[in-house]
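Read the structure below first, then the notes.
The values are calculated or read from the model by the stated rules, or taken from the named source; none is laboratory data. What you see is a predicted model; the values in this text were computed from it and never measured. So basically every Cβ, Gly included, is an ideal-geometry build from the backbone, and we count neighbours across all protein chains shown. These accessible areas exclude ligands, DNA and RNA; they are computed on the full protein's heavy atoms, side chains included. Shrake-Rupley method; radii C 1.70, N 1.55, O 1.52, S 1.80 Å.
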Amino acid sequence: MEKIRVVLFDDNYDLRESLLAVFKNHASIEVIGCYAHAKEAPEIVLSSQPDVVLMDINMPGLNGIDAVKKLKKTAPNIPILMQTVFEDEQNIFNAITAGASGYILKSSPTSKLVQAIEEVHYGGAPFSPGIARKVLGFFQTQSPSKEEYHLQPREMEVIEYLVKGLSYKQIAAKMDITYTTVRFHMKNIYAKLHVASMTEVVAKALQNKWFR
Amino acid sequence: MLAYFMYKRKRKLELVMKLEQTRNAISRDLHDDIGSSLSSITRFSEALQNTADDQESVKNLSRKIQNISSDMNSKMSDIVWSLNTEDESTEPLLERLQNYCALTLAPIDVDYDIQFSEASTQVKISPHVMKDIYLILKEAINNSLKHSGASLIQVQASVSNQQLCLTVQDNGRGFAQHHLPTLGGKGLESMQQRALKIQGVFSMESEPQKGCRVRFVFRYRIN
């Protein structure tokens, strides 16, 4: 099997040396370059064509997140794995939106680091469990909750039956209300969710995981 | 009267917030520095386990681990010092530098001379910046100590045009200027990076047999 060729950007001298040492004669990873700053990252990556870029976040001069933005313009297909000390939500999010494929904490054991490098190389998106939870948390808070739409309990009930595939008639029977009342609820739901069809209501409920 | 109290309160709040920001910046630095170094110890130890039968590599790697951990110890103490420094002048810097030289240079009979001009001790700098300046100077002294064979190291601080200028000069063996890019090494790199971080200008000049001079210029703000 061919080794995965890695280029590393990190301002910490010892960290760079230690990765060179641990990956010397390694079975699947080869470090082909180590750099103290990322100012020339695009040029370096273009000329050395690594399989994976390992990028620190907190560096003087050009920080890792800005470096990712630049790299994604010049070499969009080379995956970047962020490496950092901090489990910091803002940095994680910025790195991901800048185009990083994954994220690993420096405190992770080397076996985990190898795994993460392999994963980004083969198209995956590795996050350490803590980070994964945070990123997920971010996207969950991004999608509006039921409360934000100010839906009434009865309206929620209607939506729940819709998601289950019931017709207006069946819903009327279940809720012990008239067909017209169901239609009345639906009209209000459309307005509150800013949608124009029943399918959209169902889609929104499913997307935002209102019911499990 | 009321306006005066309001002003006082606002001023106090600003001070508290500034202090808080400084503390955050320093603790972030601490975390980043120490976290990265700890990570390198982990990696080196694993490399050590994989080279157990090669005596030379074992020695080499364990020496690295030893150096990193002792480095971390002294860095921690420098950072804690900067956190606890309330005096926003260069006086604590001068004091700590004198202590450091007394402890490391005096016992091995390397002479040292530290001169801070009157004006330079009046300069106000934040603890955050002070820490980086101190670490640059300490690194420069260490470099001279390790590589130059100097018998005298001079440290000077002066001020001109709102710039604080610090130099560390030794009388050691020096090197040809064109060798500078290939010298590399952790010390030189860390001085350059710290300078960059606080937006200072760093330079190193030398000639064979004429010693080496590290110069660092920092533009400070006046409030």
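Only one of the numbered conditions (1) modelled with pLDDT under 90; (2) within 14 Å of chain A (Cβ to nearest Cβ) is violated by B:Lys8, and that is (2). Looking only at residues that are assigned to a helix (DSSP H, G or I) and within 14 Å of another protein chain (Cβ to nearest Cβ) in the stretch B:182-191, which one is surrounded by the most Cβ atoms within 10 Å (Cβ to Cβ)? Here the answer is B:Met191.
Figure legend. Inter-residue proximity from the stretch A:201-212: first residues open to solvent by 50 Å² or more (accessible area, probe 1.4 Å), second residues acidic (Asp, Glu), beta-carbon distance below 6 Å, spacing 6+ or different chains. Indicated pairs: A:Phe211/A:Glu160. Just the residues that are surrounded by fewer than 17 Cβ atoms within 10 Å (Cβ to Cβ) and under 29 Å from the mean Cα position of the chain (by Cα), please, taken from the stretch A:21-32. Scanning the stretch A:21-32 gives A:Ser28, A:Glu30, A:Ile32.
Please tell me if B:Ser36 is open to solvent by less than 30 Å² (accessible area, probe 1.4 Å), in contact with a Leu (Cβ under 9 Å, 6 or more places away or on another chain), farther than 28 Å from B:Ser117 by Cα and among the small types (Gly, Ala, Ser).
yes
If you go through the stretch B:192-204 one residue at a time, how many are more than 19 Å from B:Ile125 (Cα to Cα) and more than 9 Å from chain A (Cβ to nearest Cβ)? Here the count works out to 2. Filtering A:Asp56, A:Asp66, A:Asp51 for residues that are under 14 Å from A:Ala95 (Cβ atoms), among the acidic types (Asp, Glu) and more than 14 Å from chain B (Cβ to nearest Cβ) leaves a single hit, A:Asp66. Applying the criterion of being more than 14 Å from every other protein chain (Cβ to nearest Cβ) and modelled with pLDDT under 85 to the residues of the stretch A:77-107, the residue that is least open to solvent (accessible area, probe 1.4 Å) is A:Ile92.
Here the helices (runs of 4 or more DSSP H) wholly within the stretch A:1-108 that include at least 2 residues being charged (D, E, K, R) are A:13-22, A:64-74.
Among the residues of the stretch B:99-126, those identified as closer than 18 Å to B:Cys165 by Cα, in contact with a strand residue (DSSP E or B) (Cβ under 6 Å, 6 or more places away or on another chain) and not β-branched (Val, Ile, Thr) are B:Asp113, B:Gln115, B:Phe116, B:Ser117, B:Ala119, B:Ser120. Residue count for the stretch A:1-28, restricted to those that are within 12 Å of chain B (Cβ to nearest Cβ) and on the phi < 0 side of the Ramachandran plot: 18.
Just a yes or no: is a residue in the stretch B:16-37 assigned to a loop (DSSP other than H, G, I, E, B), away from chain A (no Cβ under 11 Å) and at negative phi? Scanning the stretch B:16-37, I find no residue that is assigned to a loop (DSSP other than H, G, I, E, B), away from chain A (no Cβ under 11 Å) and at negative phi, so the answer is no.
Examine the stretch B:204-211 for a residue that is open to solvent by 50 Å² or more (accessible area, probe 1.4 Å), modelled with pLDDT of 90 or more and either under 17 Å from the mean Cα position of the chain (by Cα) or outside the structural domain of B:Met130 (by TED's automatic domain parsing) (or both), and state whether such a residue exists. No, that holds for no residue.
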